[in-house]
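Derivation of every value follows stated rules applied to the coordinates shown; laboratory data play no part. Being a predicted model, the structure only gives us computed values, none of them experimental. Here Cβ is always computed from backbone atoms with ideal geometry, including for glycine, and neighbour counts include all displayed protein chains.
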Amino acid sequence: MRIHVGEHLTRRIAEMNTLDDTEALQLPDVVLNTGSIRVIMIGEAPPEDPDDSFYSRAAGPAHLTTLLSLFGAAGAAAESIQDIVSMGIYVTTAVKRPKDGYAVDPALVRAHLPVLEEELRLFPRLGVVMLMGDVAKKAFNMIAKKRSKKNAVSSGPTYKVRKNEFYFESKRIFPSYVMAGGNLLIEKSKAAMVSEDIQRMLRIIGGG
């Protein structure tokens, strides 16, 4: 099924009527074939400036630029978000509005869970879920706990758990670090680990 993800989510959010401040939402501006997506990469939150988002059509969006550099370091030739989508990879965030301050409020994560669940339901061939940072891990564990009464990913620092093999509903779950933001460019060791995790994911889907 070919859909515009942002338009689909806008309709579903209106039907659910559970979110306040919908004017602040940033939803993925991308058209894709849902049956072609095998991986979902879940980040933290959209940037304050929509022009910096993964699906922005502006010149050099910050979040996308960082993501492309991580894919490049993983040995994947990706020069645009469409190149990533063409690999069968969909990129999104756990919450759909910019965070207030440094951290994402846990209440905001809970409020946005139905939207993330809707995204997960879109892809019938989904086989890998990459949790890019603690917010994504927390959100996905909330979903898993609601369905199975237990977390999908065990607690503990990311560097200790990221190489463990986690599965939830037949999907391989990768806990990793954030895939956007200026801090990632400074913390070279974390950037290297994210690229390594992307490389491992690509091997699973046959793209690396």
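Odds and ends about this structure:
- When the stretch 2-205 is described by a simple charge dipole with +1 on each Lys and Arg Cβ and -1 on each Asp and Glu Cβ, the residue from 17, 67, 167 located farthest towards its positive end is 167.
- Residues whose amide H comes within less than 5 Å of that of residue 168, counting only those at least five positions distant or on another chain, are 173 (H built at 1.01 Å from N in the peptide plane).
- Charged-residue dipole, Cβ positions (Lys, Arg, Asp, Glu), the chain about Cα centre, Debye nearest 20: 1220
- On the principal axes of its alpha-carbon atoms, the chain has extents of 43, 41, 38 Å, going from largest to smallest.
- Taken one residue at a time, the phi angles of the stretch 50-61 give Karplus couplings (6.51, -1.76, 1.60, θ = phi - 60°) of x, 5, 9, 6, 4, 9, 5, 9, 6, 6, x, x Hz. Gly and Pro are set to x.
- Within the stretch 113-208, percent of DSSP bridges classed antiparallel, to nearest 5: 40
- Counted by neighbouring Cβ atoms within 10 Å, the residues 52, 105, 29 run from fewest to most as 105, 29, 52.
- Pairs spanning more than 18 Å between alpha-carbon atoms, out of 99/149; 96/137; 96/171; 138/160; 137/163; 96/188: 99/149; 96/171; 96/188.
- Considering only beta bridges that DSSP places wholly inside the chain, some 30 percent are antiparallel.
- Dipole magnitude for the stretch 130-208: about 380 debye, using +1 per Lys or Arg Cβ and -1 per Asp or Glu Cβ, origin at the Cα centre.
- The stretch 2-205, relative contact order [Cα under 8 Å, separation at least 6], %: 24
- Annotation: for a label point projected 7 angstrom from Cα along Cα→Cβ of residue 187, residues of the stretch 87-127 with backbone N closer than 13 Å are 103.
- A simple spin-label model places pseudo-atoms 7 Å from Cα toward Cβ; at residue 121 and residue 33 they are separated by 2.4 nm.
- Highest-fluctuation residue, 50, 157, 98 considered, GNM on the chain with Cα pairs under 10 Å: 157
- Farthest toward positive dipole pole in the chain [+1 Lys/Arg, -1 Asp/Glu at C-beta], among 40, 148, 1: 148
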